[in-house]
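Here is the structure we will look at, set down as structure tokens.
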Amino acid sequence: MNSNLMVNMQDVIKRYGDFTALDHLNLNIVEGEVLGLLGPNGAGKSTAIKTLCGLIDANGGTVEVFGKPQSVTNLEIRRHIGLVTQEITVFSDLSAIENLRYFGGLYGLKGAELNANVAEMLDFVGLADRAKKRPKTFSGGMQRRLNIACALVHKPKLVIMDEPTVGIDPQSRNHILESTKKLAQKGTTIIYTSHYMEEVQAICSRISIMDAGRVIADGTIDQLMGSITYEDRVNLTAAHASDQLTEELKAIAGVKSVNVSGNQYLIVSGAGSSNVNRIMEVAHRNGGVTSFSEDKPNLEDVFLTLTGKKLRDDEV
Amino acid sequence: MGVFTHIWKHYNKRMVTRPRNYILYILVPLTIILANFFANIGLNPGGDIMGVFVPASLMVLAFQYLTGEILMYNIFTSLRGKMAERLFASPVKRYTFITGMTASSFLLNLLQSAVIMGVITIAFGVNLGNPAIFFGFLLLTATVSQLIAALVSGITKSRKAADGLYTAIVLIMFVGLEFIPPVSAIFSWITPLGLAWQGIIMNMEGQTTSALINMALLTGITTLVGWVLAPTLLGRRNQPGKHK
């Protein structure tokens with residue numbers, strides 16, 4: 001076993017009545033890693049997180065955190081985990097600093113250490129000037145930042161962030177993403193779930209895609225993209241459309257089809273054709289190009305291919 | 001002990017930030033009871049002060065039950081749904097959260113009854129009988145009211161439903177004692193409120209043995225509610241896994 005393994009879930013099963021939420025789930029996370037945990041609604045992400053945090057016990061399999069068995073009775077492991085919940089879980093009738101002091105105290109912090117951590121966290125999430133204000137006077141983004149600070153105040157070794165940027169303004173979202181990157185640079189191990197692919201691509205060093213209670217794909221972004229077959233698509237606007245240009249494009253090796261609409265050309269090639277330079281050469285020889293774009297597959301395509309579902313319901 | 005104190009202080013702080021709690025649970029009852037006292041004395045000048053104190057003591061006990069609302073508020077804002085998930089993800093036992101928040105409303109309850117009874121005793125020179133027995137009834141009422149509130153929170157799905165059920169329980173106990181003819185209100189006399197009120201009157205009249213029997217019965221009911229029902233139901237309802 002890898003000695004730096006922070007999380008080790010092997011063949012984990014969790015059932016709610018007849019419904020199997022985790023179906024032989026295998027998930028490993030190494031120290032310092034930022035793992036993106038993706039999956040459609042009902043994939044089992046929340047159940048996996050609850051099991052990791054010791055909020056529920058699995059019905060079968062092995063759940064180890066920091067090399068020790070995790071369960072609802074193991075309080076010591078929880079001391080080193082920070083959970084950023086999807087919903088804002090701070091007390092709206094207490095000030096930001098009182099919230100931080102309360103959550104810090106639950107993890108045994110007191111005195112100078114508590115004061116120092118609280119001040120550091122307020123600074124970290126950019127709420128130092130709002131320390132004595134109550135969250136109910138905050139914007140949604142500021143409340144989310146306080147939510148994160150409350151989960152980090154005890155400086156956990158493992159941070160679990162469950163969709164921390166849902167429903168907030170772009171400025172707060174950027175702040176949270178930057179903060180998460182800084183946290184990762186300090187060596188904190190992070191599990192990050194999100195429905196926003198661009199966030200996952202920007203932050204995570206590895207991605208696990210879950211569906212139906214198990215991990216169906218795992219690897220770096222490049223590895224995941226390499227795991228699916230796709231078509232290269234080139235869009236170009238020709239300065240002078242002509243039948244000759246169309247025929248020459250069709251003749252290029254790897255090109256499967258050429259669709260023409262006015263001056264717009266959509267050239268579809270088989271995966272890995274690597275014929276973009278040849279397409280440009282033909283287009284220039286036939287009067288030139290006014291615009292050009294290449295559609296590369298992204299994580300969304302990988303997700304769609306593997307699960308058959310869109311990540312966000314509003315995109316369906 | 002450290003974390004328990006931390007949680008207890010947290011809920012105290014949340015009460016302090018709401019002065020309306022003190023207005024609602026101490027000033028209002030005190031004002032109503034004192035106004036009742038003065039009105040009765042005015043209507044019956046030179047009459048027996050005990051005749052005025054007997055209904056006042058029932059009101060003190062009934063007001064003690066009101067603080068159960070604070071515990072239900074704390075339970076519904078802290079031990080349900082995602083907040084419960086967040087708190088239970090910390091290295092603190094669930095039992096510690098429940099006892100910490102209960103201690104806070106329990107002490108407000110005792111403070112309330114002690115302030116009201118202290119003011120009445122000093123202002124009107126009422127003989128309370130054996131002070132230990134008298135205080136015992138206040139203590140038991142403070143305990144059983146919190147436990148019933150915890151129990152009601154455990155068997156209801158929303159704060160609104162809990163408020164409704166808890167108020168109904170208290171009203172049934174109170175109305176049975178105050179308005180229904182005693183012959184048809186035997187049930188009310190064996191409720192926690194009835195036993196405590198009866199016990200306080202017996203203690204004031206010097207019937208110590210009878211008062212102690214009532215105290216034993218009340219202790220039995222308190223124990224039944226506390227150790228058998230409330231933790232079981234609270235534990236079942238407040239499971240993070242149940243709130244997806």
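The values are calculated or read from the model by the stated rules, or taken from the named source; none is laboratory data. This one's a predicted model, so the numbers in the text were calculated from it and none came from an experiment. Every residue, glycine as well, gets a Cβ built from its backbone with ideal geometry; the counts of neighbours run over all protein chains shown.
No other residue among A:287, A:226 is surrounded by fewer than 18 Cβ atoms within 10 Å (Cβ to Cβ) and on the phi > 0 side of the Ramachandran plot apart from A:287.
Looking at A:28, A:41, A:99, which is the one that is more than 9 Å from chain B (Cβ to nearest Cβ), among the polar types (S, T, N, Q) and part of a loop (DSSP other than H, G, I, E, B)? Give the steps one after another, and end with the answer.
On the way: A:28 fails: part of a loop (DSSP other than H, G, I, E, B); A:99 fails: part of a loop (DSSP other than H, G, I, E, B).
Sole residue among the options that is more than 9 Å from chain B (Cβ to nearest Cβ), among the polar types (S, T, N, Q) and part of a loop (DSSP other than H, G, I, E, B): A:41.
Inside segment A:68-88, residues that are at pLDDT below 95 and of a type outside the set (D, E, K, R) make up a count of 8. Filtered by the rule that a residue be assigned to a loop (DSSP other than H, G, I, E, B), surrounded by 18 or more Cβ atoms within 10 Å (Cβ to Cβ) and out of contact with any strand residue (DSSP E or B) (no Cβ under 9 Å at 6 or more places or on another chain), segment A:156-181 gives A:165, A:168. Of the helices (runs of 4 or more DSSP H) lying entirely inside segment B:1-89, those containing at least 3 residues that are more than 12 Å from chain A (Cβ to nearest Cβ), among the β-branched types (Val, Ile, Thr) and surrounded by fewer than 16 Cβ atoms within 10 Å (Cβ to Cβ) span B:28-43. Restricting segment A:65-96 to residues that are assigned to a strand (DSSP E or B) and surrounded by fewer than 18 Cβ atoms within 10 Å (Cβ to Cβ) leaves a set whose member that is farthest from the other protein chains (Cβ to nearest Cβ) is A:69. In segment A:231-250 there is no residue that is part of a loop (DSSP other than H, G, I, E, B) and β-branched (Val, Ile, Thr). Any idea how many residues of segment A:3-25 are within 14 Å of chain B (Cβ to nearest Cβ) and in a loop (DSSP other than H, G, I, E, B)? Total meeting the criteria: 1.
Scanning segment B:1-35 for residues that are within 30 Å of residue B:125 (Cα to Cα) and in contact (Cβ under 8 Å) with a residue 40 or more places away in the chain returns B:21, B:24, B:25, B:26, B:29, B:30, B:33, B:34. Whenever a residue of segment B:49-66 is farther than 16 Å from residue B:134 by Cβ, its partners that are polar (S, T, N, Q) and crowded, with 20+ Cβ neighbours inside 10 Å, lying with C-beta atoms within less than 6 angstrom and at least six residues away or across chains, give the pairs B:65/B:145. Quick check: is even one residue across segment A:131-145 of a type outside the set (Lys, Arg), out of contact with any Asp or Glu (no Cβ under 6 Å at 6 or more places or on another chain) and facing chain B (nearest Cβ under 10 Å)? No: zero hits.
The set of residues from segment B:94-122 being under 30 Å from residue B:40 (Cα atoms), in contact (Cβ under 8 Å) with a residue 60 or more places away in the chain and over 15 Å from the mean Cα position of the chain (by Cα) comprises B:119, B:120.
Criterion first (part of a helix (DSSP H, G or I), at pLDDT below 90, small (Gly, Ala, Ser) and surrounded by 13 or more Cβ atoms within 10 Å (Cβ to Cβ)) does residue B:199 satisfy it?
Answer is no for this residue.
Per the listing A:128, A:119, A:112, the residue uniquely within 18 Å of residue B:3 (Cα to Cα), away from chain B (no Cβ under 13 Å) and either without any contact (Cβ under 8 Å) to a residue 24 or more places away in the chain or surrounded by fewer than 18 Cβ atoms within 10 Å (Cβ to Cβ) (or both) is A:112.
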